[in-house]
1. How many nm is it between the label spots at ARG24 and THR48, if each spot is 7 Å from the Cα in line with the beta carbon?
2. For the Cα atoms of the chain, what angle does the longest principal axis make with the long axis of helix 169-188, in degrees from 0 to 90, nearest 10?
3. Name the lysines eligible as straight-distance cross-link partners of LYS114: C-alpha to C-alpha under 18 Å, and not fewer than 8 places from it in the same chain.
4. Full extension from LYS110 to ALA65: what is 0.36 nm times the residue separation minus their Cα-Cα distance, to one decimal in nm?
5. Around LEU4, which amide H atoms from residues at least 5 apart in sequence, or from another chain, sit under 5 Å from its own amide H, with H modelled in the peptide plane?
6. Which order do peptides 72-85, 112-125 fall in by mean Cβ count within 10 Å, highest first?
7. Spelling out what I want: for every residue of region 149-164, take phi, set θ = phi - 60°, compute 6.51 cos²θ - 1.76 cosθ + 1.60 (Karplus), and round to whole Hz; glycine and proline get x.
8. Going by alpha carbons, how many degrees (0 to 90, nearest 10) lie between the helix axis of 68-77 and the longest principal axis of the chain?
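The numbers here are math on the coordinates, done by the rules we state, and not lab data. Computed from a prediction, not measured in an experiment: that's the story for all the values here. Don't worry about glycine lacking a Cβ; one is built from the backbone with ideal geometry, like all the others, and counts go over all protein chains shown.
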Amino acid sequence: MMKLTGRQQQLLEFVKQQHGSQMRKYEPLPYWHHLYEVARLVSEHIKTDGAIEIAVCHDLLEDTACTREALEEKLRHLGYEADLVRYISEGVVGMTDVFIAKDYPDLNRKERKKLEAERLGTTSSIVHSVKYADMTDNVKSIVSGDPGFARVYMNEMTAILDQMRQGNIHLLINCCSEFSYALSKLRDTR
């Protein structure tokens with residue numbers, strides 16, 4: 001069980017508000033459960049200040065109306081020092097998809113995901129680590145909820161893993177193990 005500090009709990013509450021009534025796509029749970037689980041996985045292996053916060057906020061800029069400026073303001077309000085605000089903010093920005101259909105309408109999904117994998121490969125080790133935890137948690141629900149899409153997702157995430165090798169080795173091993181298990185489940189459903 002992960003123990004959050006007071007300000008981490010306040011940040012989680014802020015993130016819950018930002019995500020509002022969003023639900024997990026393949027599970028009957030509020031979306032914030034995914035964010036908490038990613039943070040829990042990260043907390044098992046990374047003790048760096050800001051790692052849990054990046055994990056909790058990793059979908060904030062992508063899936064809510066929250067801006068980087070609003071996140072930074074909230075972090076300052078919660079008492080995070082300037083260097084840590086910048087570290088968390090940069091980590092969350094690094095986790096945020098850039099090559100999205102709205103901004104790149106001339107590219108198909110496969111092309112966008114290839115560019116995204118290349119971009120992620122250039123991000124920091126903390127982004128790699130949080131992404132490993134994110135994929136570890138996502139693959140479970142996707143494989144059980146939508147095996148057809150899971151095959152697409154697994155290919156896309158494998159391409160990302162091919163680019164991202166700077167993160168925590170334990171989180172990477174966990175991610176690869178979960179992927180291996182998911183692939184065997186998908187073979188069984190054919």
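1. That separation, rounded to one decimal, is 2.7 nm.
2. Tilt relative to the chain: about 40 degrees.
3. Straight-line reach from LYS114, under 18 Å: LYS102, LYS131.
4. 13.6 nm
5. Hits under the 5 Å cutoff: none.
6. So the peptides 72-85, 112-125, ranked by packing, come out 112-125, 72-85.
7. 5, 4, 5, 5, 4, 4, 5, 5, 6, 5, 4, 5, 4, 4, 9, 10
8. Once rounded, one gets 40 degrees.
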